[in-house]
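Everything on this sheet refers to the single structure shown next.
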Amino acid sequence: MSAYRSVMLFGEIANSSLASITRELLGAGRKLANDLGEELFIVFLGNGIGNIGSEAIALGADKVYVVDDPLLGDYRTDPYVTVMEKLTKEAVPQILLLGQTAIGRDLAPRLAFRLGTGLSTDCVELSIDPESKLLMQVRPVYGGNALAAMVCEKARPQMATIRPKAMAPAVKNDSHHGEVVSVPAGLDSSQIRTRILRKVKQEAEGIKLEDAEVVVCGGRGIGSAENFKSLEELARILGGAVGATRAASDSGWVPATIQIGLTGKIVTPNLYLAVGLSGSSQHMAGCSGSKTIVAINKDPEAPIFKAAHFGIVGDYKQVVPTLTEKCRELMAK
Amino acid sequence: MALNMIVCVKQIPDPEAPPATFKIDSNTNKVVPPQGIEPVISPFDAQAVEAALRLKDVHGGKVTVISMGPASAKDAVKHALAMGGDEGVLLEDEAFGDSDSYVTAYILAQAIKKIGEYDIIFCGRQAADWDAGQVGLGIAEILGIPSVTVAQKVEMMDGKVEVERVVENGYEVVEAGLPVLVTITNELGEPRYPTLKGIMAAARKQLTLWQANDLGMGPDQMGLKGNLTQLRRLFVPAREGTCEVIEGENLAEAAVKLALRLRETKVI
Ligand SMILES: Cc1cc2nc3c(=O)[nH]c(=O)nc-3n(C[C@H](O)[C@H](O)[C@H](O)COP(=O)(O)OP(=O)(O)OC[C@H]3O[C@@H](n4cnc5c(N)ncnc54)[C@H](O)[C@@H]3O)c2cc1C
Ligand SMILES: Nc1ncnc2c1ncn2[C@@H]1O[C@H](COP(=O)(O)O)[C@@H](O)[C@H]1O
């Protein structure tokens with residue numbers, strides 16, 4: 001295993017800059033690389049990537065691999081796995097990390113099987129075990145009811161995906177040096193077995209849920225699409241965004257793109273207002289990192305009160321209108 | 001064109017059981033099955049069965065349901081058959097126990113190779129116990145076929161599949177040739193309930209039972225020996241937290257107090 005060197009990251013780009021998950025990967029990866037006394041590599045795949053190398057280097061990367069190719073414009077499994085397999089075999093990293101994102105969820109498992117190595121998805125904590133020097137991978141299981149600490153003893157690289165917003169992003173340091181290497185993709189389009197016919201955007205207007213400092217989240221208790229409007233008003237006054245539990249989005253009251261939780265979005269706002277939702281472990285997976293959680297629920301036994309800092313027990317319909325009015329008044333001051 | 005479909009279903013502890021019933025035996029690093037709560041077919045897998053049945057409704061064909069697990073996993077297979085599946089295969093062997101994602105995908109892929117003919121293989125996006133989301137992609141890689149994950153809709157178009165794949169800001173429509181593996185997400189919609197007729201038909205069906213030697217798997221390839229990942233510890237995270245419950249003469253007064261409290265603590 002001594003032939004394996006370095007920590008390698010799969011970087012993602014958003015609006016020609018590093019995606020927030022990528023900063024988190026750099027933060028986690030830099031620590032692991034330092035603990036092992038190894039270099040930190042990051043890989044970017046895409047079409048017309050532009051100059052993101054210097055940003056990644058300032059955030060701790062020692063080497064940036066850029067693979068720019070028209071066939072890598074949209075994420076598709078086959079070309080991405082093929083290029084990542086090639087890069088991994090050349091760089092022989094000890095550790096390879098990706099984000100638990102739409103891309104990472106699809107790419108990481110298939111790549112792990114291609115490389116014949118083990119993978120832990122959706123990790124919330126990564127560290128180097130001082131004795132064995134193995135990557136200790138901690139991930140929530142059973143919907144968040146438990147945590148599992150995993151290692152990969154027999155194969156390399158040790159692979160993990162990290163949950164968004166679970167790890168501290170890297171801090172910028174302009175004096176950090178590194179190099180950018182351009183690598184040809186060497187792809188043959190006949191190897192690509194899927195085609196994207198079209199993309200459909202379903203984004204809510206206003207502040208992006210993942211970036212909002214205040215999230216007002218409604219659950220099954222809200223009762224209808226119409227009733228969700230009262231939450232929109234409260235969110236607007238607080239300068240926030242509306243989210244939903246799966247029970248609410250599966251009911252068709254709101255689009256699935258605002259679902260928060262294990263299989264939805266992960267948010268860590270300053271204020272999380274949980275209205276008419278029970279606080280299932282799968283839902284809390286998406287919001288438990290919030291600074292202040294406020295629960296409004298008519299059932300005093302609802303698990304959400306175990307996670308909340310403030311709570312009101314009662315029918316939200318008798319709480320939200322007054323809460324909205326009072327907040328309007330306070331926010332104007 | 002009639003389709004040959006295979007759906008992989010896993011039986012798991014009920015993921016929506018009350019959190020208070022969740023217990024771990026720290027000596028064995030295993031979950032203690034809660035008293036009186038029956039295990040269920042993993043919800044995304046029931047939706048994977050639904051996805052296959054919707055295609056069967058339109059194009060005809062055959063749906064084979066396959067599960068690896070203990071003897072009780074036959075109930076998950078029977079559930080899928082009662083929904084409308086045609087044939088069931090149970091992979092049960094003590095040696096399969098404790099297998100990780102890597103080994104599980106191998107065992108299922110061996111079984112699928114033995115079945116032989118398939119146009120579409122369906123899996124859930126993740127099994128709702130360990131939430132790994134790996135086995136489907138693993139099967140596709142081992143079989144050397146394309147995969148499309150996190151699908152909310154699957155249709156046939158000119159001999160190819162068109163799949164709506166859910167992404168962060170909406171969905172994309174992906175086309176792939178056959179054979180293909182597709183993993184299904186809850187946005188597909190509710191799985192159908194088994195009808196009484198379906199339940200009776202499923203009860204009469206004989207499941208195919210395969211063990212390790214039927215699949216040509218050696219002892220070193222399975223369970224703890226074959227795993228690529230090792231579990232060091234399974235534990236329940238500490239949850240602190242005290243909730244300040246805000247009361248008033250009535251709920252409107254409580255609401256006012258809450259707003260003031262949030263201002264006081266500089267939350268808003
Ligand atoms: C593998 C897996 C992944 C999942 N992923 C997610 C996920 O990403 N996100 C997610 O949210 N869920 C997810 N779920 C589903 C999750 O387990 C719960 O079913 C879901 O979160 C419940 O939503 P809820 O709290 O809105 O509904 P319920 O649990 O039904 O709670 C409704 C609450 O509203 C209260 N209420 C009702 N009426 C009123 C009223 N008038 N005023 C005040 N309170 C009222 C009730 O007391 C109750 O507590 C997942 C499940 C599985 C198995
Ligand atoms: N033991 C099993 N038997 C049958 N199918 C399984 C099994 N384990 C996983 N799967 C399938 O693979 C999917 C993903 O599982 P996982 O990678 O464990 O999250 C599940 O939704 C099932 O469709």
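Bear in mind that the values in this text are calculations on the coordinates, not laboratory data. Fair warning: this is a prediction, and the values are worked out from it, not measured in the lab. Glycine gets a Cβ as well: all are built from the backbone with ideal geometry, and neighbour counts include every protein chain shown.
Would you mind computing, in nm to one decimal, how far apart the modelled labels at A:R198 and A:E301 are, each placed 7 Å from Cα along Cα→Cβ?
That separation, rounded to one decimal, is 4.9 nm.
Taking the Cα centre of chain B as origin, work out the dipole magnitude from +1 charges on Lys and Arg Cβ and -1 charges on Asp and Glu Cβ, in debye rounded to 20.
That gives chain B a dipole magnitude of about 320 debye.
Taking the number of other C-beta atoms within 10 Å as the exposure measure, put A:C287, B:C243 in order starting with the fewest.
Details: A:C287 25, B:C243 17.
The fewest-first ordering by Cβ neighbours comes to B:C243, A:C287.
What is the diffusion coefficient of segment B:3-226 in µm²/s, taking the Kirkwood radius over Cα pairs and the Stokes-Einstein relation at 4 °C with a viscosity of 1.567 mPa s?
Details: Rh = 17.7 Å.
The calculation lands on 73 µm²/s.
Based on the mean of other Cβ atoms within 10 Å per residue, sort peptides B:44-57, B:125-138 so the most packed one is first.
Ranking, from highest mean packing down: B:125-138, B:44-57.
Quote the charge dipole size of chain A about the Cα centre in Debye, to the nearest 20; the model charges only the Cβ of Lys and Arg (+1) and of Asp and Glu (-1). Let's see the in-between values first.
Details: 36 positive and 36 negative charges, 101 e Å.
For this selection, approximately 480 debye.
Run the quick spin-label model on B:V245 and A:S132: label points 7 Å from Cα toward the beta carbon, then report their separation in nm to one decimal.
4.5
Please give the FRET efficiency for A:E85 paired with B:V58, using the beta carbon to beta carbon distance and R0 = 30 Å, rounded to the nearest 0.05.
Here the calculated transfer efficiency is 0.20.
Placing +1 on the Cβ of each Lys and Arg and -1 on the Cβ of each Asp and Glu in segment A:34-160, which of A:V92, A:L119, A:G37 has its Cα farthest towards the positive end of the resulting dipole?
Highest projection toward the positive end goes to A:L119.
Among the listed pairs A:K154/B:K225; A:K31/A:K208; B:K56/B:K160; A:K306/B:K23, give every one whose C-alpha distance is greater than 20 Å. Let's see the in-between values first.
On the way: A:K154/B:K225 11 Å; A:K31/A:K208 30 Å; B:K56/B:K160 15 Å; A:K306/B:K23 18 Å.
Listed pairs above 20 Å: A:K31/A:K208.
Take every DSSP beta bridge whose two residues both sit in the protein assembly as shown, then give the antiparallel share in percent to the nearest 5. Spell out each step's value before the answer.
Numbers: 41 of 113 bridges.
Taking every DSSP beta bridge within the protein assembly as shown, about 35 percent pair in antiparallel fashion.
Applying a 10 Å radius around every beta-carbon, put A:212-223, A:194-205 in order of their mean neighbour count, most first.
Ranked by mean Cβ neighbours within 10 Å, highest first: A:212-223, A:194-205.
Which angle between 0 and 90 degrees, to the nearest 10, do you get for helix A:320-332 versus the longest principal axis of chain A when only C-alpha atoms count?
The helix A:320-332 is inclined about 70 degrees to chain A.
Per 0.36 nm of contour for each residue apart, how much would the distance between A:A168 and A:E233 grow if the chain were fully extended, relative to their Cα-Cα spacing?
Length gained between A:A168 and A:E233: 20.2 nm.
May I ask you to list the aspartates and glutamates whose Cα is less than 16 Å away from that of A:K165, ignoring any residue fewer than eight positions away on the same chain?
The reachable aspartates and glutamates, counting only those whose Cα sits under 16 Å from A:K165, are A:E12, A:E24, A:D122, A:E125, A:E210, A:D211, A:E213, B:E168.
State the three equivalent ellipsoid semi-axes of chain A, derived from the C-alpha gyration tensor as the square roots of 5 times its eigenvalues, in descending order and whole Å.
The equivalent ellipsoid of chain A has semi-axes of 39, 22, 19 Å.
Can you give the translational diffusion coefficient of segment A:156-273 in µm²/s, computed by Stokes-Einstein from the Kirkwood radius over Cα pairs at 25 °C and 0.890 mPa s?
Answer from the Stokes-Einstein relation: 138 µm²/s.
Distance between the C-alpha centers of segment A:157-188 and segment A:191-241? Whole Å please.
With segment A:157-188 and segment A:191-241 each reduced to a Cα centre, they are spaced 29 Å.
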